[in-house]
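The block underneath contains the structure these notes are about, expressed in structure tokens.
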Amino acid sequence: MSMAEQRVSFREEMYEALKREWQELLDEEFFLPLLSLSPATSLQKTAEQILEFLLLMLEQNISMNLSAIKEPRDVMRLHILDSFTILPFLDAELAKEAETGFRFLDLGTGAGFPGVPIKLVRPGLHVYLVDALAKRLHFIERSLRKIGAGDPWTIYHARAEQMGREKQHREQYDFVAARAVARLATLLEYALPLVRVGGVFCAMKGRVEEEQKEAERAAKLLGAELEKADRFVLPGTGQDRSLLIYRKVAPSPRKYPRSNAQIKKKPL
Ligand code: SAH
């Protein structure tokens, strides 16, 4: 088989396998209610965009380190379903505001999780995708164009602790989410300065009891309160998950976020 033929057959096999995994999710009772698509959003189109995005990721992953998760079932559950678990919390905030003007930020998005799946099921939402690694963002940008994700979305190449000191970003976001970026106390220092007073930071974690205790002081120092800790098993994976919802109740003191070196040396 030629290289081109190999690529085509990889794509076709992956597409079929991913489609089966998507169908399995749809067959589960909880899934459509979790998605709760608006009447204006086509399930068919959304599904095609998700499948195409995953294909692009898996193809790109052969030459670029995007994700350690490669099996179709894992990709569908550990990337897509896992990203969707924040929807109820995001929707609760969206219900309080007009969707236009609402800013959702995915901090340390990597190959696009949770930000890309969220964008695809809430197409009107302004999603900001931030990462310190430019090549991953280039992949996301190309892919979002290819699959025809509608405006508005913004890709931003920066370190969180640098953004948090810039006027146009500091305390400007209604909802910030982060998955697999840093230990909780450090993550709070990255994320909370970006959240507007009254807004939410959602930390997407596995088992988290110890980190959560250790981060109590950091949350307080940065002006946030833990509003909810939702623990569950990610369906069909046996893996523990925790969504920690922090509400920003006061502005973060000027001295935070500190420099990366200081954060590393002495986590809050
Ligand atoms: N959220 C994705 C990626 C996790 S890997 C997922 O769950 O699949 C962690 C990502 O966070 C990497 O892409 C890394 O570049 C980024 N990152 C780590 N620290 C960061 C910081 N201080 N500011 C911005 N991005 C950061």
Screening PRO33, PRO39 for residues that are free of Cβ contacts under 8 Å to residues at least 40 places away in the same chain, of a type outside the set (A, V, I, L, M) and either in a helix (DSSP H, G or I) or near the ligand (Cβ under 10 Å from one of its atoms) (or both) leaves only PRO33
Counting just the residues of segment 84-98 that are outside any helix (DSSP H, G or I) and surrounded by 14 or more Cβ atoms within 10 Å (Cβ to Cβ), which one comes out modelled with the lowest pLDDT? GLU97
Can you tell me which residue in segment 67-76 is surrounded by the fewest Cβ atoms within 10 Å (Cβ to Cβ), limited to those that are within 13 Å of the ligand (Cβ to nearest atom) and within 13 Å of LEU25 (Cα to Cα)? ASP74
Name the single residue, out of those in segment 62-97 being more than 16 Å from the chain's Cα centre (by Cα) and of a type in the set (Gly, Ala, Ser), that is farthest from GLY112 (Cα to Cα). ALA95
Flagged in segment 180-231 as within 14 Å of the ligand (Cβ to nearest atom) and small (Gly, Ala, Ser), in numbering order, are ALA180, ALA182, ALA185, ALA191, ALA203, GLY206
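What number of residues within segment 99-112 satisfy the criterion of being within 12 Å of the ligand (Cβ to nearest atom) and either under 16 Å from ARG170 (Cα atoms) or aliphatic (A, V, I, L, M) (or both)?
Taking segment 99-112 first, the residues within 12 Å of the ligand (Cβ to nearest atom) are 105-112.
From what is left, the residues that are either under 16 Å from ARG170 (Cα atoms) or aliphatic (A, V, I, L, M) (or both) are 105-107, 111.
Counting residues in segment 99-112 that are within 12 Å of the ligand (Cβ to nearest atom) and either under 16 Å from ARG170 (Cα atoms) or aliphatic (A, V, I, L, M) (or both) gives 4.
Just to be sure, is LEU58 modelled with pLDDT under 95, buried (at least 20 other Cβ atoms within 10 Å of the Cβ) and either at negative phi or part of a helix (DSSP H, G or I) (or both)? Lay out the reasoning, then the answer.
Details: modelled with pLDDT under 95: yes; buried (at least 20 other Cβ atoms within 10 Å of the Cβ): yes; either at negative phi or part of a helix (DSSP H, G or I) (or both): yes.
Yes: the conditions hold for LEU58.
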With the checklist (1) surrounded by fewer than 21 Cβ atoms within 10 Å (Cβ to Cβ); (2) touching a helix residue (DSSP H, G or I) at 6+ places or on another chain (Cβ under 9 Å); (3) of a type in the set (Phe, Trp, Tyr) in hand, flag the one item PHE53 doesn't pass. (1)
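The values are calculated or read from the model by the stated rules, or taken from the named source; none is laboratory data. Fair warning: this is a prediction, and the values are worked out from it, not measured in the lab. Virtual Cβ from ideal backbone geometry, glycine too; neighbours counted across all protein chains shown.
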